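Worksheet for the structure shown next.
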Amino acid sequence: MKKIHLKANERIDELQRNGYRIIQDADKFCFGMDAVLLTGFAHAKEKDVLLDLGTGTGIIPILMEAKYGCAHLVGLEIQEESADMARRSVALNRLSDKIDIVTGDIREADTLFSSASFDCITCNPPYMIGKHGLTNPEEPKAIARHEILCTLEDVVRVTAKLLKPGGHLYLVHRPFRLTEIITTLSYYKLEPKRMRLVYPYVDKEPNMVLVEAVRGGRPRMTVEKPLIVFAGPGVYTPEIREKYGF
């Protein structure tokens, strides 16, 4: 692996796939299980060109490359510090010829990339609406979690322009916004095709939802069996261990 300079508070974490590693800073934002589950839910082909909206430190493009190869992958990130970490992680894994990290605004993505130029788009967007309860909306963690710099509709609107006809969007979000997710996707002609709810424990309410939508797809959605994360406190279920490597 290539030697990469680390800044203060940064660390290198193993990704348990292809020997890949990632640079993170716990004081700013580290990737969570939602990003990993999204890459397990998504599908891509070796010939596909993929865009990850709001890529953060680049976890999704790196894992998607490890899992599917893909002809080329792009991560779009508005926060320069995160984008810089993502670029260094890409270089650390010797993937600079396959993965580009672009600094830019999701709301302007349709001006940064050509229309209908991506086979797949992935997104782990901010889940929470507005700035309610935030003491510092400028913090990287706040921007990643709250709709401060982009909304769900922003993500869906630009996706509808950037996906090829028949292209796939893969999204992870919160179940309490499921009605909004489905109606927004339908409005922009991104037909919801597949959904899976994620439960922390078998007897708890779901805390994540994984959604696949197809640009111009025909109406018909498959609801997959629930995904249970923990069998007990600190103990992952067999599916989580086997499929996701935890």
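Every number here is computed from the coordinates shown, using simple stated rules; none is lab data. Predicted, not measured: the structure shown is a model, and the values here were computed from it. As a convention, Cβ positions derive from the backbone with ideal geometry for all residues, glycine included, and neighbour counts pool all protein chains shown.
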With a Förster radius of 25 Å, plug the Cβ-Cβ distance of R174 and D97 into 1/(1 + (r/R0)^6) and report the FRET value to the nearest 0.05.
-> 0.10
With the contact rule set at Cα under 8 Å and sequence spacing of 6 or more, what percent relative contact order holds for the chain?
-> 16 percent
Peptides ranked, highest mean first, by Cβ atoms within 10 Å: ranges 37-44, 202-209 = 37-44, 202-209
If we count other beta carbons within 10 Å of each Cβ, what is the order of I23, I62, fewest first?
-> I23, I62
When the Karplus curve 6.51 cos²θ - 1.76 cosθ + 1.60 is applied with θ = phi - 60°, which whole-Hz ³J(HN,Hα) does each residue of the range 239-244 get, with x for Gly and Pro?
-> 5, 5, 5, 7, 7, 10
Rounded to the nearest 500 deg cm²/dmol, what is the calculated helix-only ellipticity per residue at 222 nm for the chain, with -39500 (n - 2.57) per DSSP H run of length n ≥ 4?
-> -8000 deg cm²/dmol
